[in-house]
Amino acid sequence: MESKCDEKLHEECGVFGMYDFSGKDVASSIYYGLFALQHRGQESCGIAVSDTFGPKGKVTLHKDMGLVHEVFNKDILDGMKGNIGVGHTRYSTAGMSTRENAQPLVINYVKGILGLAHNGNLINANELRNELAYTGAIFQTTIDSEVIAYLIARERINTHSVEDAVKRTIPKIKGAYALVVMSPRKLIGARDPFGFKPLCIGKRDDAYILASESCALDTINAEFVRDVKPGEIVTITDGKIVSDTSLCIDEHKRGRCVFEYIYFARPDSVIDEISVYESRILAGRFLAKDHPVDADLVVGVPESGNAAALGFSLESKIPYGAAFVKNTYVGRTFIKPGQSSRESSVSVKLNALSSIVKDKRVVMIDDSIVRGTTCGKIVKMLRNAGAKEVHVRISSPPFLHECYFGTDVPSSSQLIAHNRSVDEVCKLIGADSLGYLSIDRTKEMVNGLNICTGCFDKKYPLEPPKDDIRGEYIQ
Ligand code: SF4
């Protein structure tokens, strides 16, 4: 959603898989699916396809750095023949954004081929990588998806099926993941037992689809079948879905990443039966109830602040207005020449409409404050456009701690709310008042679904690693 030049949080990836039992090519549908998942990763992308009626082990893979529409064209897609395939869009941390690390990963081994696309972050990837390296594995990439692929391939040698190999791999990998795996005749989806990352199932004619978000199903006119349950393994083969829930854990132990609802996911997606849009409207309503203010206008910082702003307006009866014009052409390629230009990157992306905010007391809704630089800049932008007062309301709790589960969050010391009171943060961003959503409200906004709140209260659903491994093997 936001480019890497800003200080917003970042999702790490989108995954997509498709198996058409009638034998139709799937590459172009995967392309459109990835297009709908572009907001989850803008650095590289790829598609791997195979023909389940053809020779086992023949895979066509195309991946590269760039946005989906930059990496693929009609000729490339026309050349990708196959009725089963997986696709991936990737965001990575700086320095690791290389073509080798683009996904899907395809490995050839004694049982044939394995294509894998992964969203998430393993907290024991280093340990597993070392173990595998000492037994002869030679890694081509620095991403932990390759560790998963090796583990599945190794387990497959001693099991009867690829789904059994996935099942034996899952207890070994710890952390957050949504996986889509392609074998010569099967498409497999798996979600970590905590459900950090979303994954859903769709159907169109004779094809089944796996996708990070339901918006990707809408894009290809597929019907939404259901979410993959946290901990579930689904195997799509012979025209049907086979479910294995034996590794699922109790619902109360699960911990979906609440930022999927607050910010990452597209508002037109539904995750674990909760509409992302509706949850954002609710967050805005809660903010209006918990942090009311006398004002003339409510505005959202686009895009993810808009729905919460509408919710605030509906609850408070203060009119809603679109105060910002967003430059939609600012994307991955916008290069910030140096630290001194950090501030200006905000005004390149956004501009405030003076005619809307002039002489008004404005409530500005955003989804989060990370370092505070961007938020402060937008407050200033509203004041420069003539706003009389700027009251900031944030549709998430104060961001205080690291994330180890696939969200690219700066270390605590760089987070503006760390070791600061709300009043101190308010002063730093130059607002007239500041209010955050409470942790209890984040639970209410997703209708009591069990969520991870680790970056607010350090209560992670599973023990974080002792050493900070963030950024080492993120895909
Ligand atoms: S720590 Fe925060 S960003 Fe990370 S998974 Fe939990 S809720 Fe999501």
*Which of the lysines could a cross-linker bridge to residue 240, judged by Cα under 27 Å and excluding same-chain residues fewer than eight apart?*
24, 56, 58, 81, 111, 167, 186, 197, 203, 229
*Determine which lysines satisfy two conditions relative to residue 289: a Cα distance under 29 Å, and not lying fewer than 8 residues away in the same chain.*
8, 317, 326, 358, 360, 377, 380, 388, 427, 443, 458, 459
*Compute the length gained on full extension between residue 226 and residue 289: take 0.36 nm times their separation in residues and subtract their Cα-Cα distance, giving the result in nm to one decimal.*
19.3 nm
*To the nearest 0.05, how large is the calculated FRET efficiency for residue 70 and residue 354 if R₀ is 45 Å and r is the Cβ-Cβ distance?*
0.80
_residue 253 versus residue 109: modelled label distance in nm, points set 7 Å from Cα along the beta carbon direction_ = 2.7 nm
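Taking only DSSP H segments of four or more residues, each worth -39500 (n - 2.57), what value at 222 nm results for the chain once the sum is divided by all its residues, to the nearest 500 deg cm²/dmol?
Mean residue ellipticity at 222 nm (helix-derived): -7500 deg cm²/dmol.
Stretch residue 140-residue 53 to full length: gain in nm at 0.36 nm per residue minus the Cα-Cα span? Numbers along the way, then the final one.
Details: separation 87, 0.36 × 87 = 31.32 nm, distance 2.94 nm.
Gain on stretching residue 140 to residue 53: 28.4 nm.
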*Modelled label-to-label distance, residue 322 and residue 126, 7 Å Cα→beta-carbon offset: nm?*
4.7 nm
*the stretch 218-255 residues near the modelled residue 268 label - backbone nitrogen below 18 Å, point 7 Å along Cα→Cβ*: 218-225
*What nm value, rounded to one decimal, do you get for the distance between residue 427 and residue 457 when each label is placed 7 Å out toward the C-beta?*
2.8 nm
_Estimated vicinal HN-Hα couplings, Hz - the stretch 388-396 in sequence order (Karplus 6.51, -1.76, 1.60; Gly, Pro = x)_ = 7, 9, 10, 10, 9, 10, 10, 7, 8
*About the Cα centre of the chain, what is the dipole size in debye to 20, counting +1 per Lys and Arg Cβ and -1 per Asp and Glu Cβ, all else neutral?*
400 debye
*Residue farthest toward the positive end of the dipole of the chain, with Cβ of Lys/Arg at +1 and Asp/Glu at -1: which of 17, 241, 108?*
108
*Provide the three semi-axes, in whole Å and in decreasing order, of the ellipsoid equivalent to the chain as defined by the square roots of 5 times the Cα gyration tensor eigenvalues.*
40, 22, 21
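Read-outs: derived from the displayed coordinates by stated rules, not from any lab. Remember, predicted model here, so these are calculated numbers, not experimental data. In this analysis, Cβ positions are derived from the backbone assuming ideal geometry, glycine residues included, and neighbour counts consider all displayed protein chains.
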